[in-house]
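Structure first, commentary second.
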Amino acid sequence: AYEAGDSRRFSLNEAKDRGLIEDSGFDMPYFAQVARLVDLQALRNAGLKIVVDPMYGAGSGYLRRVLEGGSTRVIEIHAERNPLFPGLHPEPIMPHLSGLAQAVKENRADIGLAHDGDADRMGVVDEKGNFLNQLQVFALLCLYLLEVRGERGAIVKTITTTNMAYRLGELFNVPVYETAVGFKYVAPVMAEKDAIIGGEESGGYGFRGHIPERDGILASLCFLDLVVRTGKTPSELLRYLYEKVGPHHYRRIDIKFPEEARRDIIARVGRPRSEIDGVAVDRLDTTDGFRFILRDGSWLLVRFSGTEPLLRIYTETDSPERVERLLAWGREMAGV
């Protein structure tokens, strides 16, 4: 008999034979859970053509399995699980989704969906092969819950996520809370405020009534439900969103820097500034890095990555041209 502290070693098969290991399938309980949150049968019968790129990760096969059995068709690329992620950087943002964009166009699909290696993040490509960035997707998911599903409750976002959440909060009379970067900061506020959704700029979204974490599979199903219930294509949904909140354009750049330059970068970026790109600085937020909030609602953030030796510069503003100008301001401030 095996007792605690027993130092004997067994192969996997031996351990199973001795009853030390029990195989448990979690797929069906998970499918049952998401079925409580989204009308899966309606999605199966919607007649959509969906291209899914699990990027060789753990999410491979999930959307196909949960949506099969009706008129909706799911086409997978990079579907085999491979921890080496051959030829891919498993992050569901551009430029890593060029293969998905091409597959959407070649198959004349209605939408493309991607997940990272552990499938807790989601990326969206519209019916024309254009990438919808993470801030646009988060705002659309907020709109889905508030307008399409009629839910009410707080929205929680990191400082790198869109100001469109604030406009939606005003339109639907719900509060919006902001945290430092990382879902570890988002989840506790979601629980405390009973929030309907929490999101971060990396493409991770969590939902009320589910696990207190990001779930790329559920986020994908919610986005598909938005498409089906509104009858709008992803590109039409983006135009509809902008009709409500105005145009918002965003980009992030990542810059490698020598560690010995960190103090100098902090000193340069932290200097007081009254205006940026000809617009008055309303306030400086130092919750996580240096975020300059401008009088017209635009923002520029310079912060160090918490996981990589990178300086990240982010901005959200009202035009693509201003995005490039504000990013240039950020580089100049940092001296990189």
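Report yes if some residue within segment 268-278 is among the aliphatic types (A, V, I, L, M) and either within 22 Å of Lys184 (Cβ to Cβ) or in contact with a helix residue (DSSP H, G or I) (Cβ under 6 Å, 6 or more places away or on another chain) (or both); otherwise report no. Checked against the condition, which is being among the aliphatic types (A, V, I, L, M) and either within 22 Å of Lys184 (Cβ to Cβ) or in contact with a helix residue (DSSP H, G or I) (Cβ under 6 Å, 6 or more places away or on another chain) (or both), segment 268-278 yields at least one hit. Taken together, Gly69, Gly25 contain a single residue that is within 17 Å of Ala119 (Cβ to Cβ) and open to solvent by 40 Å² or more (accessible area, probe 1.4 Å), which is Gly25.
When segment 297-323 is filtered for residues that are over 17 Å from Leu135 (Cα atoms), at pLDDT 95 or above and of a type in the set (Asp, Glu), only Glu321 remains.
Inspection of segment 73-95 identifies at least one residue that is in contact with a Ser or Thr (Cβ under 6 Å, 6 or more places away or on another chain) and assigned to a loop (DSSP other than H, G, I, E, B). Can you find a residue that is in contact with a His (Cβ under 6 Å, 6 or more places away or on another chain), within 21 Å of Gly198 (Cβ to Cβ) and of a type outside the set (Asp, Glu) anywhere in segment 74-91? There is no residue in segment 74-91 that is in contact with a His (Cβ under 6 Å, 6 or more places away or on another chain), within 21 Å of Gly198 (Cβ to Cβ) and of a type outside the set (Asp, Glu). Annotation note: of Thr307, Thr287, Thr317, the sole residue that is among the polar types (S, T, N, Q), touching a residue at least 60 places away in the same chain (Cβ under 8 Å) and open to solvent by 70 Å² or more (accessible area, probe 1.4 Å) is Thr287. Of the residues Ala180, Ala101, Ala114, the single one that is surrounded by fewer than 21 Cβ atoms within 10 Å (Cβ to Cβ) and of a type in the set (A, V, I, L, M, F, W, C) is Ala180.
Pairs linking a residue in segment 25-44 that is in a helix (DSSP H, G or I) to a residue that is open to solvent by 50 Å² or more (accessible area, probe 1.4 Å) and small (Gly, Ala, Ser), with Cβ atoms under 6 Å and 6 or more positions apart or on different chains, are Arg44/Gly69. Within segment 242-280, being under 30 Å from the mean Cα position of the chain (by Cα) and of a type in the set (A, V, I, L, M, F, W, C) holds for Val245, Ile253, Ile255, Phe257, Ile265, Ile266, Val269, Ile276, Val279.
With respect to Gly278, is the statement that it is at pLDDT 95 or above and either more than 21 Å from Ala165 (Cα to Cα) or open to solvent by less than 30 Å² (accessible area, probe 1.4 Å) (or both) true? Yes; evaluated as a whole, the condition is true for this residue. Of the candidates Leu140, Leu146, Leu168, Leu132, the single residue that is in contact with a Cys (Cβ under 6 Å, 6 or more places away or on another chain) and not charged (D, E, K, R) is Leu168. Does Val186 meet the test of being open to solvent by less than 60 Å² (accessible area, probe 1.4 Å), of a type in the set (A, V, I, L, M), farther than 25 Å from Ala58 by Cα and at pLDDT 95 or above? No; evaluated as a whole, the condition is false for this residue. Glu76 passes every criterion in (1) open to solvent by 90 Å² or more (accessible area, probe 1.4 Å); (2) among the charged types (D, E, K, R); (3) under 21 Å from the mean Cα position of the chain (by Cα) apart from (1).
Only one entry in Val281, Val302 is more than 22 Å from Val137 (Cα to Cα), in contact with a helix residue (DSSP H, G or I) (Cβ under 9 Å, 6 or more places away or on another chain) and in contact (Cβ under 8 Å) with a residue 12 or more places away in the chain, namely Val302. Scanning segment 121-139 for residues that are of a type outside the set (Gly, Ala, Ser), under 21 Å from Val74 (Cβ atoms) and open to solvent by less than 20 Å² (accessible area, probe 1.4 Å) returns Met122, Val124, Val125, Asp126, Leu132, Val137. Each residue in segment 180-207 was checked for being in contact (Cβ under 8 Å) with a residue 40 or more places away in the chain and over 17 Å from Val137 (Cα atoms), and 6 of them qualify. The set of residues from segment 131-148 being under 15 Å from Val227 (Cβ atoms) and polar (S, T, N, Q) comprises just one member, Gln136.
Would you say Glu243 is acidic (Asp, Glu), modelled with pLDDT of 95 or more and assigned to a loop (DSSP other than H, G, I, E, B)? Criteria not met by Glu243.
The values are calculated or read from the model by the stated rules, or taken from the named source; none is laboratory data. It should be emphasised that the depicted structure is a prediction, and the values quoted were computed from it without experimental measurement. All Cβ positions, even for glycine, are placed from backbone atoms using ideal geometry, and neighbour counts span all protein chains on display. Areas reflect the complete protein model, heavy atoms only, side chains present, ligands, DNA and RNA absent. Shrake-Rupley method; radii C 1.70, N 1.55, O 1.52, S 1.80 Å.
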